[in-house]
Amino acid sequence: MGKATGFMEYQREVPKERPPKDRINDWKEFKNIFTDKAAKIQGARCMECGIPFCHSGLEIGGMVSGCPVNNLIPEWNDLIYKGKWEEAVRRLLKTNNFPEFTGRVCPAPCEGSCTVGLNDPAVTIKANEYQIIEKAFAEGWIQPEPPEFRTGKSAAVVGSGPAGLAAADQLNKLGHQVKVYERQDRIGGLLVYGIPNMKLDKEKVLQRRLDIMEAEGVEFITGTEIGSEISLDNLKNDFDAVVIAGGATKPRDLEVPGREAEGVHFAVDYLKANTEYILSNNNKDYISAEDKNVIVIGGGDTGTDCVATAIRQGAKSVNQFEIMPKAPDARQANNPWPEWPKTLKVDYGQEEAIEVFGSDPREFLIMTEEIITEEVAGQETVSGVKTIKINWEKNENNRFVPIKQADTQKIWPADLILIAMGFLGPENNLIKSAGLELDGRSNVKADYDDFKTNIEGVFAAGDMRRGQSLVVNAIDEGRKAAIKVDEYLS
Ligand SMILES: Cc1cc2nc3c(=O)[nH]c(=O)nc-3n(C[C@H](O)[C@H](O)[C@H](O)COP(=O)(O)OP(=O)(O)OC[C@H]3O[C@@H](n4cnc5c(N)ncnc54)[C@H](O)[C@@H]3O)c2cc1C
Ligand code: SF4
């Protein structure tokens, strides 16, 4: 253990982010790294517990608690404190193929179960992870390391999100020849066309990793949809095993009058078009929020990304609707440590809205009843949204249902509506054409223990198997599916 009394001597400090009033003027990342000295102090706060819940990745109270890839957190915190950075990155890469992604975008369930967090603010685990990997890149310690031998076996990976990339990386390291197929024009899944550039830079961060993987021997094929352009049967004939990691990208729709009007879009379509615009050096069409009243329906992280994007595009106003109640500021008695803390988060998009418009854009316990339209150039176009406030009450089956509150209807002016209401599972093309079996939640059926689908030699991982989730869970699934594929190939 680095410093036995560190957690008593030092306070939690995170690297300063770029201030909202600066960062809303560009699409660059807003998070910064520590100085080495500051990171050392934060590393010293780790108690190196006998039973470190932070790296457990257990499901407690129906939610993940601790790091899903089981990062060896106390070990690398200690190494940071001792200034042994190269050892720290080697330890980090044992469990996580892409700490530069999680260090930026992970919601850090590890910190919710940090023992220091029982009495004081948790250790800055996520910022430490980010620091280790960025220092390693800056020092030139991360170089392509192609496998020393090839097994003569091959695997195809369908989908290039974090699950597919982690599976490909692991299988390639084991010496199998790996080809990744992606239907989009770019590799990365939601890392490229979901999460906005200000959270994860596509050229500097994502491409940096893809270049290394390519130099290590992974082949990437873009613009090819498996299930239509190439059948799964053909892929099975050409490769010894197949991993499908196509994500869970079917969006939940808003079923209200006016939904088909001009100006109503799914959040991911909006975010993707904006990223394409940025990556094309402003040479592509995008859905603009400039001078518009924007309503984001959905209070989750995707909704927050829409808020931040609309602000950067110059929206006139931004409101974000959430059907659930406002979470408490601190843990409640029924949500004890080390469970994931169900507390109110003011994320980057809300911080920016507060800076620009003077208040948090979120409205809680609100339901959309209708999208109001008017005819513009012969087309039904959004002009407003009608909402009503709700309460959640138990019905006769003991289930919570939304109950509308009388006299709480309100009309909001709106020119652009973004639907960020979650996802319903994987899309159907590949599933139907290949005859893949689904589970009760309409995800591809495969157990977490073995990742095998109903088709011999075909494994499923990531959101396609578990439903829309987190980057760190996708990496975990890709890694574990690769172990099962390797066993199958051996
Ligand atoms: C807007 C948004 C923001 C998010 N922000 C965060 C965040 O900040 N932090 C976090 O941890 N998580 C975040 N998530 C969730 C996270 O991105 C996903 O859980 C994760 O990317 C899932 O990884 P995956 O590899 O399973 O699938 P995906 O990333 O969805 O990748 C699947 C890929 O498969 C491709 N594909 C599908 N079918 C085929 C086919 N038949 N042939 C070829 N290719 C195919 C798709 O085009 C896609 O590129 C966010 C999600 C969204 C939508
Ligand atoms: S991957 Fe996420 S949960 Fe794991 S250590 Fe990093 S921030 Fe924490």
Kindly point out, ordered by number, any Cys in the chain whose beta-carbon has no other cysteine beta-carbon under 4.7 Å away. C46, C49, C106, C114, C306
Between K316 and E145, what's the calculated FRET efficiency when r is the beta-carbon distance and R0 is 45 Å? Round to 0.05. 0.35
Under 5 Å, built H, 5+ apart or other chain: amide partners of Q468: G425
For E13 and D360, what does the FRET efficiency come to when R0 = 30 Å and r is the distance between their Cβ atoms, rounded to the nearest 0.05? 0.75
Using packing as a proxy for protection, rank 16-28, 362-374, 473-485 so that the peptide with the highest average count of other Cβ atoms within 10 Å comes first. 473-485, 362-374, 16-28
What does the charge dipole of the stretch 264-419 about its Cα centre add up to, to the nearest 20 debye, if the Cβ of each Lys and Arg holds +1 and the Cβ of each Asp and Glu holds -1? 480 debye
Along the dipole axis of the stretch 6-139 (charges at Cβ: +1 for Lys and Arg, -1 for Asp and Glu; origin at the Cα centre), the most positive-end residue among A38, A108, S65 is A38
Given a cut-off of under 8 Å on Cα pairs at least six residues apart, what relative contact order in percent is computed for the stretch 6-139? 28 percent
Does a label point 7 Å from the Cα of V346, set along Cα-to-beta-carbon, have any residues of the stretch 302-337 with amide nitrogen under 14 Å, and which are they? 329-330
Please report the carbon-and-sulfur percent of the accessible area for the chain; probe 1.4 Å, protein heavy atoms only, DNA, RNA and ligands left out. 47 percent
Beyond 30 Å, what share of the Cα-Cα pairs of the chain remains, rounded to the nearest whole percent? 51 percent
Collect residues whose amide H, placed 1.01 Å from N in the peptide plane, falls under 5 Å from the amide H of V376; neighbours closer than 5 in sequence don't count. T381
Fraction of beta bridges assigned by DSSP in the chain that are antiparallel (%, nearest 5): 45 percent
Under a 1.4 angstrom probe, counting protein chains only, how are L271, L118 ranked by accessible area, largest first? L118, L271
Taking the convex hull of the alpha carbon atoms in the stretch 264-419, what volume per residue do you get, in Å³? 156 Å³
Translational diffusion coefficient of the stretch 1-115 at 20 °C, 1.002 mPa s, Stokes-Einstein with Kirkwood Rh over Cα pairs, in µm²/s as a whole number. 140 µm²/s
Measuring with a 1.4 Å probe in the full set of protein chains, what accessible area per residue, in whole Å², belongs to the chain? 45 Å²
Suppose accessible area is computed on protein heavy atoms with a 1.4 Å probe; arrange T309, T115 from highest to lowest. T115, T309
Could you state how much accessible area V458 has, in square angstrom rounded to the nearest 10, with a 1.4 Å probe and all protein chains kept in place? 0 Å²
Once label points are set 7 Å from the Cα along Cα→Cβ at both M63 and K432, what is their separation, rounded to one decimal in nm? 3.6 nm
Seen from all sides and averaged, what is the projected area of the convex hull of the Cα atoms in the stretch 268-317, in nm²? 3.3 nm²
Would you mind calculating the relative contact order of the stretch 264-419 from Cα pairs under 8 angstrom and at least 6 residues apart, reporting the percent as a whole number? 25 percent
What are the principal axis extents of the Cα atoms in the stretch 87-217, in Å, biggest first? 53, 32, 26
What is the magnitude of the charge dipole of the chain about its Cα centre, with +1 placed on the Cβ of each Lys and Arg, -1 on the Cβ of each Asp and Glu, and no other charges, expressed in debye to the nearest 20? 1100 debye
Under a point spin-label approximation (7 Å from Cα along Cα-to-Cβ), what is the E290-D233 distance to one decimal in nm? 5.1 nm
Would you please put 37-49, 147-159 in order of how densely packed they are, using the mean number of other Cβ atoms within 10 angstrom per residue and starting with the highest? 37-49, 147-159
Please calculate the 1.4 Å probe accessible area of R252, with all protein chains present, and give it to the nearest 10 Å². 100 Å²
With all protein chains present and a 1.4 Å probe, how do E219, E182 order by accessible area, largest first? E219, E182
Residue-level accessible surface for S228, protein heavy atoms, 1.4 Å, Å²: 80 Å²
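The values are calculated or read from the model by the stated rules, or taken from the named source; none is laboratory data. Note that the structure is a prediction, hence the values are computed from the model and not measured. Using ideal geometry, Cβ is built from the backbone for each residue, glycine included, and neighbour counts are taken over all protein chains shown. Please note that ligands, DNA and RNA were not included when accessible areas were found on the heavy atoms of the full protein model with its side chains. Shrake-Rupley method; radii C 1.70, N 1.55, O 1.52, S 1.80 Å.
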